[in-house]
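**Student:** Pasting a structure here, questions to come.
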Number of protein chains: 2
Amino acid sequence: VAVYTDLGSETLGGLIAEFDVGTLISAKGIAEGVSNSNWLIETSGRSGVTQRFILTMYEKRVEVADLPFFLGLLDHLAARGCSVPRTIHDRGDAAFRMLGDKAIALIEFLPGVSVGSPTPAQGFSVGAALARIHLAGADFGVARANDLERAGWRELAQNCGFSGLESVATGLAGQVAAALDDVDAHWPADLPEGVIHADLFPDNVLMLGDRVTGLIDFYFACNDSYAYDLAVTHAAWSFDASGASCDTAIGRALVEGYQSQRPLLPAECAALPVLARGASLRFLLTRAWDWMHTPAGALVTRKDPLAFARRLERYRQSDAAGLFFADPAAK
Amino acid sequence: VAVYTDLGSETLGGLIAEFDVGTLISAKGIAEGVSNSNWLIETSGRSGVTQRFILTMYEKRVEVADLPFFLGLLDHLAARGCSVPRTIHDRGDAAFRMLGDKAIALIEFLPGVSVGSPTPAQGFSVGAALARIHLAGADFGVARANDLERAGWRELAQNCGFSGLESVATGLAGQVAAALDDVDAHWPADLPEGVIHADLFPDNVLMLGDRVTGLIDFYFACNDSYAYDLAVTHAAWSFDASGASCDTAIGRALVEGYQSQRPLLPAECAALPVLARGASLRFLLTRAWDWMHTPAGALVTRKDPLAFARRLERYRQSDAAGLFFADPAAK
């Protein structure tokens with residue numbers, strides 16, 4: 001969450017001139033994005049009406065290879081009416097440009113704010129918006145493997161190491177080992193798959209009141225099962241930040257909203273608890289890795305892995321289906 | 001340069017409701033300000049036309065005591081036609097509000113971008129804008145002492161310590177000791193004083209082309225000599241970032257622009273080189289302190305104290321008056 005690169009106004013002005021959006025009026029580095037730099041840009045617009053954009057500079061080389069997927073997906077979903085920002089193409093119709101060895105893209109600015117304490121009505125809207133990108137992405141012609149799929153979690157845990165996990169919290173290594181065995185034993189096969197967001201935390205949803213105005217930050221988007229994406233979103237939205245308390249009403253509203261657009265198959269419904277345990281494990285492991293590799297005194301706020309250890313435990317309870325459905329028995 | 005506090009959209013929305021600016025449409029944490037948190041806010045506006053503002057949260061207690069000075073100064077200067085952002089008062093006409101133990105202020109958004117490589121024409125405009133705030137501030141009824149005035153530099157150097165300064169660069173402690181003696185011996189008395197910006201680096205000036213659209217970040221503003229402020233601005237604008245090379249044309253244009261609004265007294269002209277040595281020493285010392293107290297691996301970019309050690313040396317040369325005036329002999 002930082003602006004890594006300092007671009008001078010001359011460089012920014014020159015970049016903007018490569019797009020048909022008028023001249024640069026204002027540029028503010030914004031604190032969004034984990035591994036890239038972002039500016040909120042205002043231009044004079046094509047027809048004299050000022051316009052706003054997000055200019056993103058991709059700081060890691062590996063991301064450039066995936067930009068045709070990420071940026072093409074935004075255009076694909078926006079063209080199908082999803083609330084995602086469009087990529088602004090340059091005068092040569094390129095979706096991104098290189099500035100030295102870094103890629104930059106100009107992306108539509110969307111109104112809305114990220115919700116801190118969601119309500120069930122907001123959860124419903126988010127569930128519906130998630131289902132709509134699943135449906136609209138079905139005919140997107142490009143695929144991207146999930147870097148953080150279940151098959152890789154055991155290796156991720158090994159990289160953290162027993163003592164590394166124990167250094168985060170006593171007993172964590174044992175909890176992780178049990179969870180790995182659990183998800184490997186119970187992971188569902190043959191669920192419907194397609195393009196998923198894979199990181200739809202409240203940070204990545206812009207809202208005005210109960211309305212979703214934008215789904216953003218598709219940089220974990222990939223192909224995996226739709227129900228797994230819903231499980232990730234459930235873990236992201238229906239718990240408080242500490243992971244200690246789950247708001248059943250939000251979790252159920254999320255699933256209801258999802259089903260208002262795309263009804264789940266019985267196998268998807270049945271799998272949600274184990275998928276949510278998997279989702280919790282995935283964030284537990286990446287947070288633990290970051291935790292171990294971020295000095296305690298660093299200015300970056302470390303995200304607590306235990307917030308997902310607590311979610312994992314909650315999703316293991318025998319009544320976990322009730323976190324998703326008012327009447328699980330009917331499923 | 002970071003957003004320290006994470007404000008939820010509910011809190012932000014509630015805050016905005018205390019002002020007569022419509023409802024919250026968008027809020028982005030922006031990477032501006034050294035010791036405070038800032039958001040670029042968009043609201044629906046009073047009459048349906050969207051408006052933008054900067055919302056600032058003051059993270060340090062000490063600043064709250066100075067807010068009547070800082071925010072009152074903005075209003076005073078804006079009312080006199082200076083290009084500074086106005087403070088938006090709340091419905092109870094307060095210039096700032098408390099949120100818990102932190103103060104927040106809503107400040108006018110101004111267009112413009114900070115210049116990376118200024119031109120002489122831009123230097124001229126900045127000099128003129130600086131003089132205009134000096135003139136307009138003359139009847140501002142509140143005063144604030146300069147925390148970083150010359151009288152405190154020796155103590156600042158002692159706090160860094162001999163070995164601390166030498167850890168930044170070999171020989172730096174000796175250069176500082178000589179500079180302290182130099183400025184103490186040659187500092188001018190009885191120059192015209194008033195409210196000064198004291199930190200008018202390119203970062204703190206918004207421009208569109210050659211035009212100054214905003215002077216911002218008045219959080220070092222204080223009462224001191226006008227010519228010292230011009231010397232600070234000269235050191236800030238007419239060198240490259242490394243301090244190794246001085247662009248005489250920019251420096252002279254800056255002074256010319258200043259004099260287009262407020263002609264300097266002969267004593268002020270004569271004092272500019274020693275004032276600029278003092279300005280260089282002030283930034284050298286605060287940067288050295290920050291350097292010694294920031295781990296090399298921290299995510300915050302450390303600003304190199306040597307960039308001001310080099311300026312200090314340049315201002316010591318016998319031809320230093322030529323950095324300010326095309327024909328110093330005529331002064």
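The values are calculated or read from the model by the stated rules, or taken from the named source; none is laboratory data. The shown structure was predicted, so the numbers you read here are calculated from the model rather than taken from an experiment. Here the Cβ positions follow ideal geometry from the backbone for every residue, glycine too, while neighbour counts run over all protein chains shown. Calculation scope for accessible area: heavy atoms of the full protein, side chains included, ligands and nucleic acids excluded. Shrake-Rupley method; radii C 1.70, N 1.55, O 1.52, S 1.80 Å.
**Student:** Of the residues A:L67, A:L99, A:L135, which single one is closer than 20 Å to A:F220 by Cβ and either modelled with pLDDT under 95 or crowded, with 21+ Cβ neighbours inside 10 Å (or both)?
**Tutor:** Numbers: A:L99 fails: closer than 20 Å to A:F220 by Cβ; A:L135 fails: either modelled with pLDDT under 95 or crowded, with 21+ Cβ neighbours inside 10 Å (or both).
The conditions single out A:L67.
**Student:** Can you spot a residue in the stretch A:96-117 that is away from chain B (no Cβ under 14 Å), β-branched (V, I, T) and touching a residue at least 60 places away in the same chain (Cβ under 8 Å)?
**Tutor:** Yes, some residue in the stretch A:96-117 is away from chain B (no Cβ under 14 Å), β-branched (V, I, T) and touching a residue at least 60 places away in the same chain (Cβ under 8 Å).
One line per residue, one yes/no per condition, for (1) closer than 30 Å to B:N159 by Cα; (2) under 18 Å from the mean Cα position of the chain (by Cα); (3) of a type in the set (K, R); (4) exposed (fewer than 14 other Cβ atoms within 10 Å of the Cβ):
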residue	(1), (2), (3), (4)
B:C269	no, no, no, no
B:M292	yes, no, no, no
B:D304	yes, yes, no, no
B:F308	yes, yes, no, no
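**Student:** Given (1) more than 28 Å from A:P111 (Cβ to Cβ); (2) in contact with a Ser or Thr (Cβ under 9 Å, 6 or more places away or on another chain), where does B:F69 come up short, assuming only one miss?
**Tutor:** For B:F69, the exception is condition (2).
**Student:** Return the only residue of A:R86, A:R150, A:R46 being closer than 21 Å to B:E42 by Cα, open to solvent by 70 Å² or more (accessible area, probe 1.4 Å) and away from every other protein chain (no Cβ under 14 Å). Don't jump to the end; show me each part of the working.
**Tutor:** Working: A:R150 fails: closer than 21 Å to B:E42 by Cα; A:R46 fails: closer than 21 Å to B:E42 by Cα.
The unique qualifying residue is A:R86.
**Student:** Look at the stretch B:118-132 and say how many of its residues are surrounded by fewer than 19 Cβ atoms within 10 Å (Cβ to Cβ) and among the aromatic types (F, W, Y).
**Tutor:** Number satisfying all stated conditions: 0.
**Student:** So, one more: What's the number of the only condition in (1) more than 13 Å from chain A (Cβ to nearest Cβ); (2) at pLDDT below 90 that B:G72 fails to meet?
**Tutor:** That leaves (2) as the condition not met.
**Student:** So, in the stretch B:213-238, exactly how many residues are under 20 Å from B:P111 (Cα atoms) and open to solvent by less than 20 Å² (accessible area, probe 1.4 Å)?
**Tutor:** Residues that pass the stated criteria total 4.
**Student:** Within the stretch B:6-43, how many residues are more than 9 Å from chain A (Cβ to nearest Cβ), surrounded by fewer than 16 Cβ atoms within 10 Å (Cβ to Cβ) and modelled with pLDDT under 90?
**Tutor:** 2
**Student:** Next question, about the same structure. Can you list residue pairs whose Cβ atoms sit under 8 Å apart, with the first residue in the stretch A:195-219 being more than 14 Å from chain B (Cβ to nearest Cβ) and touching a residue at least 24 places away in the same chain (Cβ under 8 Å) and the second being open to solvent by 20 Å² or more (accessible area, probe 1.4 Å) and part of a strand (DSSP E or B)? Count only pairs 6 or more apart in sequence or on different chains.
**Tutor:** Pairs found: A:V195/A:N223; A:I196/A:N223; A:I196/A:D224; A:A198/A:D224.
**Student:** Can I ask one more? Can you tell me which condition B:F201 does not meet? The list is (1) under 12 Å from the mean Cα position of the chain (by Cα); (2) under 23 Å from B:D139 (Cα atoms); (3) surrounded by fewer than 24 Cβ atoms within 10 Å (Cβ to Cβ), and all the others hold.
**Tutor:** (2)
**Student:** A follow-up question, please. Please go through the stretch A:193-207 and give me each residue that is of a type in the set (A, V, I, L, M, F, W, C) and closer than 17 Å to A:N146 by Cα, ordered by number. Break it down into steps so the answer makes sense when it comes.
**Tutor:** Going through the stretch A:193-207, the residues of a type in the set (A, V, I, L, M, F, W, C) turn out to be A:195-196, A:198, A:200-201, A:205-207.
Residues satisfying the conditions are A:V195, A:I196, A:A198, A:L200.
**Student:** Here is a follow-up. Taking the condition buried (at least 22 other Cβ atoms within 10 Å of the Cβ) and over 17 Å from the mean Cα position of the chain (by Cα), does A:L74 pass?
**Tutor:** no
**Student:** Can I ask one more? Based on this model, can you work out whether A:A178 counts as farther than 25 Å from A:T294 by Cβ, modelled with pLDDT of 95 or more, over 19 Å from the mean Cα position of the chain (by Cα) and more than 14 Å from every other protein chain (Cβ to nearest Cβ)? Before the answer, list the steps.
**Tutor:** Working: farther than 25 Å from A:T294 by Cβ: yes; modelled with pLDDT of 95 or more: yes; over 19 Å from the mean Cα position of the chain (by Cα): yes; more than 14 Å from every other protein chain (Cβ to nearest Cβ): yes.
Yes: the conditions hold for A:A178.
**Student:** Which residues, counting only those in the stretch B:15-47, are touching a residue at least 24 places away in the same chain (Cβ under 8 Å) and more than 20 Å from A:G29 (Cβ to Cβ)? Show your work before the answer.
**Tutor:** Taking the stretch B:15-47 first, the residues touching a residue at least 24 places away in the same chain (Cβ under 8 Å) are B:15-16, B:18-22, B:25, B:27, B:29-41, B:43, B:45-46.
B:L15, B:I16, B:E18, B:F19, B:D20, B:V21, B:G22, B:I25, B:T43, B:G45, B:R46 - these are the residues of the stretch B:15-47 that are touching a residue at least 24 places away in the same chain (Cβ under 8 Å) and more than 20 Å from A:G29 (Cβ to Cβ).
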